Amino acid sequence: MEVRVREPWADIARGFAIVTVIFFHVVLALDAIGDVHGKVFVLIHVFAPIPMALFFFVSGLFSKKLVRGGLSSPLGFRVLDLFYVFVVWSLIEAFIRTAISGSVGHFDPVGYLINPISNLWFIWALVLFTLVSAMCSGRSAAVLMVAAAFISLCSFTNVLVLDNLVHNHVAKYAVFFFVGVFAVDLAGVSKLKSIPVFGVLALIYVMVTIGLAGKFSEGLNGFVFALLTWIAVPTAISGCYVLGKINAVRVVIGWFGKNSLGLYVGHPIAIMLLMVGYQQLVPIDGEPALVSAFVLTLMAIAFSVGLLMIASFCGFKALYQAPRSIIDRIAMLIVRPRSVPL
């Protein structure tokens, strides 16, 4: 989430996470047509525990002041802003999908708000987690974290299997947002910034990944993945501190992080359009090309960045942020209590 005082490591973390997420979604799109090289799944296996947990933890960490202020504070405006972006880009995505398929599918707005079957589900979950956090404090926050941790472990180990991917992701990753809000502060995170700390954490992560993954029963594999995810968050944060010392990384990946929302909402459309062209131009037979996933990822990022810059240059910022007049009017009706004459 956007904050006034920026932390370079946090922007790098967001930037790394959004690039990784786009890569994952490109691979899923290629896999749907059966054109993913086997070695690509090795990278998926190594990095899968990182992006979602890191995204939600960082979002929670920088939501502390907003959450503590309640819905009458800037939190209400932020929630409305995120919800506005979610609705706008859901409609755009539905329009593009309809144009590509050539047919109008049945759309249930109420059902979609309960189960957003879209790559934009992260924004929906962020709104949900923020509202839940705003209603908790003190002991209730502790109970919330314990309950979320238990639900997360049950989801990772398939003890709890929900009806769809979005709800399963919510069950797995809500705890990371809540821990970021209630249990960790910037002073604690700053202890991860040394190179030796990163080296130790990275070694542990690699050893667990290589030595344990894939060698146990399905339930224990889920436990190992959960363990890797908890190790991945401090490892990634420590790595972002270290990489932040490199100017090129701080500038490029940090820019991605500062504009992660814009890249996130644009990339599903980019992938849909790229896959149409890919299937027309590249024959899908024989051994899949190893570079396809990487090239398409770079193209999806470039498309999302270009769309963001064009919208900003041409005055279409309302695609990425609700016009203040709209938010103010809604806030007067929903967020701010009405004055009652005596």
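The values are calculated or read from the model by the stated rules, or taken from the named source; none is laboratory data. For clarity, every value in this text was computed on a predicted model and none was experimentally measured. A quick note on method: Cβ atoms are made from the backbone with ideal geometry, for glycine too, and the neighbour counts reach across all protein chains shown. For accessibility, only protein heavy atoms count, side chains too; no ligands or nucleic acids. Shrake-Rupley method; radii C 1.70, N 1.55, O 1.52, S 1.80 Å.
A few remarks follow.
- Wholly enclosed helices (runs of 4 or more DSSP H) of segment 1-117 bearing at least 1 residues within 30 Å of residue 135 (Cα to Cα) and at pLDDT 90 or above: 8-32, 51-61, 74-101
- Apart from one condition, residue 158 fits all of (1) in a helix (DSSP H, G or I); (2) touching a residue at least 12 places away in the same chain (Cβ under 8 Å); (3) more than 16 Å from residue 230 (Cα to Cα); the exception is (1).
- For residue 231: the one exception among (1) part of a loop (DSSP other than H, G, I, E, B); (2) touching a residue at least 24 places away in the same chain (Cβ under 8 Å): (1)
- Looking only at segment 168-185, and only at residues there that are out of contact with any Lys or Arg (no Cβ under 9 Å at 6 or more places or on another chain) and surrounded by fewer than 18 Cβ atoms within 10 Å (Cβ to Cβ), the one that is farthest from residue 240 (Cα to Cα): 168
- Among the residues of segment 135-155, just one is open to solvent by 50 Å² or more (accessible area, probe 1.4 Å), touching a residue at least 12 places away in the same chain (Cβ under 8 Å) and outside any helix (DSSP H, G or I), namely 137.
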